[in-house]
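The values are calculated or read from the model by the stated rules, or taken from the named source; none is laboratory data. Everything numeric in this text was worked out from a predicted model, so none of it was measured. Backbone-built Cβ (ideal geometry, glycine too); neighbour counts: all protein chains shown.
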Amino acid sequence: MLSFPAGKGCGPAIWMLPTDSVYGTWAASGEIDIMEAVNLDAEGLMSVYATLHFGGTAPANVNAGTSYISGAFDPIAEFHTYAIEWSATEIRWYVDDVHYR
C-alpha cells in the first residue's frame with residue numbers, strides 16, 4: 001500500500017524496465033508504468049496514470065495509457081494498492097482491486 005507526496009514537481013512512480021535492453025535503448029525494449037503521478041494536488045489534480053512505452057528508441061517510441069480518476073480517490077491522504085496482471089495477451093491495471101485499464 002502506498003501514499004504519495006503532494007506538490008508541484010513531485011512525480012512518484014512505480015515502473016518496470018527490462019534487465020537487458022535486447023531491442024535497444026529506451027524505449028525500444030519497453031517500459032511498464034504500474035502507476036505514475038505528476039503534480040498531485042497542484043491545482044486540484046488527483047489522478048494516477050498507467051502507461052506502456054514501446055516501439056523504437058526515443059524520440060521515435062510509442063506510448064499508450066490512461067488515467068485513473070475517481071471522485072473518492074485521494075492518492076495523497078489515503079493509502080492505496082496499485083497492481084498489474086500480466087498475461088501473454090494483455091496487461092490489466094488495478095487500483096484497490098478495481099480494474100481500470
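For the reader, a short list of remarks on this structure follows.
- Consider segment 15-44 and keep the residues that are surrounded by 15 or more Cβ atoms within 10 Å (Cβ to Cβ) and of a type in the set (A, V, I, L, M). The one that is nearest to Glu78 (Cα to Cα) is Leu40.
- Within segment 54-73, the set of residues being at pLDDT 80 or above, of a type outside the set (Gly, Ala, Ser) and either within 20 Å of Val95 (Cα to Cα) or touching a helix residue (DSSP H, G or I) at 6+ places or on another chain (Cβ under 8 Å) (or both) comprises Thr66, Tyr68.
- Selection status of Gly55, closer than 15 Å to Trp15 by Cα and out of contact with any Cys (no Cβ under 6 Å at 6 or more places or on another chain): no
- If you go through segment 1-18 and pick out every residue that is aromatic (Phe, Trp, Tyr) and in a strand (DSSP E or B), you end up with 1.
- Residues that are more than 18 Å from Thr51 (Cβ to Cβ), in contact with an Asp or Glu (Cβ under 6 Å, 6 or more places away or on another chain) and surrounded by fewer than 14 Cβ atoms within 10 Å (Cβ to Cβ), drawn from segment 69-96: Thr81
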